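Below: the structure, in structure tokens.
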């Protein structure tokens, strides 16, 4: 079925392709010398879109995390003012 194919494809990428790409990038980085680092752009891999979309949804729904914590979970750096929790209308004052 399509679901089995999708899971097999995702497994192939995660367990075969990405480890090979990471190993190759690490070897090339060592060969290039200090200061050079090659890393694959995993966000550009279409086969991993559904996995990435689920992560974004879970992170966005986690209202107990600060903006910077959410950004770190999806691979982005911090922003100024992103370390405070946003207070929504549904949040009560702490006791």
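Only the coordinates and a few stated rules stand behind these numbers; no lab work does. What you are looking at is a predicted structure, and each value in this text was computed from that prediction instead of being measured. Positions of Cβ are generated from backbone atoms using ideal geometry, with glycine treated the same way; all protein chains shown enter the neighbour counts.
A few points about this structure:
- Scanning the stretch 31-50 for residues that are more than 22 Å from residue 74 (Cα to Cα) and either surrounded by 11 or more Cβ atoms within 10 Å (Cβ to Cβ) or in contact with a strand residue (DSSP E or B) (Cβ under 6 Å, 6 or more places away or on another chain) (or both) yields a count of 1.
- Taking the stretch 19-45 as the range and being within 14 Å of the chain's Cα centre (by Cα) and either touching a residue at least 12 places away in the same chain (Cβ under 8 Å) or part of a helix (DSSP H, G or I) (or both) as the test, the residues that pass are 39, 40, 42, 43, 44, 45.
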